[in-house]
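Everything on this sheet refers to the single structure shown next.
None of the figures in this text is laboratory data; all of them are computed from the coordinates on show. Note that the structure is predicted; figures quoted are calculated from it, not measured. Glycine also receives a Cβ, built like all others from the backbone with ideal geometry; neighbour counts cover every protein chain displayed.
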Amino acid sequence: DYIPEYEERIAQHLRVEKEIEIARESQYKLMPLQPPKAEGFDVYGFFLPSFEVGGDYFDYVLTKNESGDAIALTMAVVDVSGKAMRAAMPAIFTSGLLLSRMKDDMPDEVLSQISEPIFSRTDKRTFITCALARYDLESKKMSVANAGHCRPVLKRNGLAEFIQTPAPAYPLGIREEVTYKSQSISMKKGDFFLLYSDGLPEAVNEKGERFGFDSVPRLIESIDTDSLSAHEIAQEIKRTVQKFSNYQLADDTTIICLKV
């Protein structure tokens, strides 16, 4: 009896490994390979995987007018509760819902529209947080809506602060109908804007201490966002969180950096 039981354990282990591999592949396919480029902004996103497969991903979409000129940039960072396939499947579903609306609709409208299908089609133990921001290249206005996600950070004149969005702030999938609201910000040249997932503030060092939410704006203040590109700033954040956690991230870390 010993050998079949041993073989069954190996087979089970291989099945789990395969599921994790498929979940990770699915997760990577949700994310864009290259950032959009247009006059008036510099954007860069990255995804830093943890040792377990989570449900983080990011996306950005450029909206163009009939002449083909860029008129808006919409950015999303999403975090699905759960691990492996339990997180991967709702992430794929959410990605499709978001992508179909991000180009044309405002962030509060997008979150309000996708709230019901996520509630009715996902496991009740699953909840999804999402920060969505749309930068209008003509009016220079940033519209931000938040469904239970980490508060975005805006840095202006060397000072970085959290952006508070109006209530409600329920994660997606918690209630059937939610009417989300947006916060509008007039962006100025030199401003830096950050979207991120909780893998950054919840990174833990060898002493068991968390990086902490309040450390996020302090980190952004310590980086020379004026002279570095969005890509270089993202690399600086990545290095900081990896060094802090000794390259042992317990949760995925996803970030979008925007310079205007």
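Go ahead and estimate [θ] at 222 nm for the chain from helices alone: -39,500 (n - 2.57) per DSSP H run with n ≥ 4, summed, over the residue count, rounded to 500. It lands at -11000 deg cm²/dmol. Along its first, second and third principal axes, ordered by size, the range 30-131 spans 44, 32, 15 Å in Cα coordinates.
The calculated FRET efficiency for ILE20 paired with SER229, based on their beta-carbon distance and R0 = 25 Å, is about 0.15. Assuming R0 = 25 Å, what is the FRET efficiency of GLU39 and SER222, from their Cβ-Cβ distance, to the nearest 0.05? E between GLU39 and SER222, to the nearest 0.05, is 0.30.
Annotation for the range 1-96: GluC sites (Glu not before Pro) lying in DSSP loop with at most 10 further Cβ atoms inside 10 Å of their Cβ are GLU39, GLU66.
When only Cα pairs below 8 angstrom with a gap of at least 6 residues are kept, the range 116-243 shows a relative contact order of 23 percent. Taking each residue as 0.36 nm, the span from ASN205 to ASN65 lengthens on full extension beyond its C-alpha to C-alpha distance by 45.7 nm. Each Lys and Arg adds +1 at its Cβ and each Asp and Glu adds -1 at its Cβ; summed about the Cα centre, the chain shows a dipole of about 520 debye.
The residue list ILE22, VAL144, VAL77 was ranked by how far each Cα lies along the charge dipole of the chain toward its positive end, using unit charges on Cβ atoms, and VAL144 comes out on top. Sorting 159-169, 97-107 by average packing, meaning the other beta carbons within 10 Å per residue, from highest down gives 97-107, 159-169.
Report, in cubic angstrom per residue, the convex hull volume of the C-alpha atoms of the chain.
About 140 Å³ per residue, rounded to a whole number.
Membrane-span-like helices in the chain, defined purely by DSSP H runs whose alpha carbon atoms cover 18 Å or more axially and whose average Kyte-Doolittle hydropathy reaches -0.5, are 84-102, 107-121.
For TYR28 and PHE162, the difference between the fully extended length at 0.36 nm per residue and the C-alpha to C-alpha distance is 45.4 nm. In terms of packing, defined here as the mean over residues of other Cβ atoms within 10 angstrom, the peptides 118-127, 29-38 line up highest first as 118-127, 29-38.
Divided by 2.2 N^0.38 Å, where N counts the residues, the Cα radius of gyration of the range 145-184 comes to 1.36. When TYR28, TYR196, TYR44 are sorted by how many other C-beta atoms sit within 10 angstrom of their C-beta, beginning with the fewest, the order is TYR28, TYR44, TYR196. Farthest toward the positive end of the dipole of the chain, out of PRO35, PHE244, SER67, is the Cα of SER67, where the dipole comes from beta carbon charges about the Cα centre. Relative contact order of the chain: 22 percent, from C-alpha pairs under 8 Å at least 6 residues apart in sequence. Note on ALA250/SER186: beta-carbon distance plugged into 1/(1 + (r/R0)^6) with R0 of 41 Å gives a FRET efficiency of 0.65.
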